[in-house]
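Notes follow the structure.
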Amino acid sequence: MLLLMGPLVAACVHRPAAEARVLDPASTLPFSFSARPTRGEVRVVPAVAVYEPMPVNLDDYVGRPVGVAREALRRQRVRQLDALPDAIGWALPGEVNGRLGQRWGGQFRVWDLGLQSRDRLAGAVAGRGPGIDATLSSLARSVGGKATLFCWVTELRGEPLSLTGFPGEVLETAAGPVMLEHHQEPYLVSAQVGLALVTADGEVVVRYHDHVEAVMAEDTERAGRELARALAKEVDGMWSTDVRLLQHEPDFR
């Protein structure tokens, strides 16, 4: 299974979370999946993000403002948070491939969704428009290929771990043990990430979202991979890979 690089315009569409209102009852369900298999070229479109940007937290564990150097690091971490949705979207196909292995006969190819379509998807995951499944179905028909892989982020929070203890302490987090160091200012990142696999004829085969966590320091891409890996682990059992079902599938040209 290969990740083929095609034309892509990287983008991350932000909409304030305060505007969100759920219109489609199906979009409130944590997951939706069917036994329909997929194969061939699956086109991966850029992730969209719909959440309130994080402010810069300048507090210290002992209750006083941080110094100039640590303030600069924290501002850098907040900028990295803003880049995480793209990093998750880039990493997700590889992490899904890693989970499915030879059980699945598809190939991912990066694809540009277009600005207007990204806006439609952002509105749908925020609860506006005709509903998430109807929007995903319509967009997949326009993208082509055999199917489309969508990704979105609807919550993204990050807090400096130095707020929880003194330098040198080892803190146990959901993402593993972390040593508190002021010269790195690692952040604990919590995100609600969703994905959907939709066939070219518009059937939503998999739609799932969940909260995932990772520790982020210097490497934004690494944090993005860890978040994508956690989501891929969750959808592994929902992704139909039974080759016996393929004989009845249409051959999209």
Inset, instruction - Return a yes/no flag: does segment 45-61 have any residue that is in contact with a Cys (Cβ under 6 Å, 6 or more places away or on another chain) and either in a loop (DSSP other than H, G, I, E, B) or modelled with pLDDT under 60 (or both). - result: yes
Inset, instruction - Report, by residue number, each residue of segment 198-217 that is farther than 15 Å from Phe150 by Cα and touching a strand residue (DSSP E or B) at 6+ places or on another chain (Cβ under 7 Å). - result: His211, Val212, Glu213, Ala214, Val215, Met216
Legend entry - Any hit, segment 159-168, residues being part of a loop (DSSP other than H, G, I, E, B) and free of Cβ contacts under 8 Å to residues at least 12 places away in the same chain: no
Inset, instruction - Could you tell me whether segment 184-195 includes any residue that is closer than 22 Å to Val56 by Cα, surrounded by fewer than 20 Cβ atoms within 10 Å (Cβ to Cβ) and in contact with a strand residue (DSSP E or B) (Cβ under 6 Å, 6 or more places away or on another chain)? - result: yes
Inset, instruction - Could you give me the residue pairs with C-beta distances under 7 Å whose first residue belongs to segment 69-96 and is in a helix (DSSP H, G or I), whose second residue is of a type in the set (Ser, Thr, Tyr) and at pLDDT below 95 wherever it lies, and which are 6+ apart or on separate chains? - result: Arg77/Tyr187; Gln80/Thr220; Ala83/Thr220; Leu84/Thr220; Ala87/Thr220
Inset, instruction - Would you mention how many residues in segment 22-44 are crowded, with 17+ Cβ neighbours inside 10 Å and modelled with pLDDT of 90 or more? - result: 4
Inset, instruction - Look through segment 62-77, keep the residues that are in contact with a Phe, Trp or Tyr (Cβ under 9 Å, 6 or more places away or on another chain) and crowded, with 17+ Cβ neighbours inside 10 Å, and return whichever of them is modelled with the highest pLDDT. - result: Arg77
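The values are calculated or read from the model by the stated rules, or taken from the named source; none is laboratory data. Computed from a predicted structure; not experimentally measured. Cβ coordinates were reconstructed from backbone atoms using ideal geometry, including for glycine residues, and neighbour counts include every protein chain displayed.
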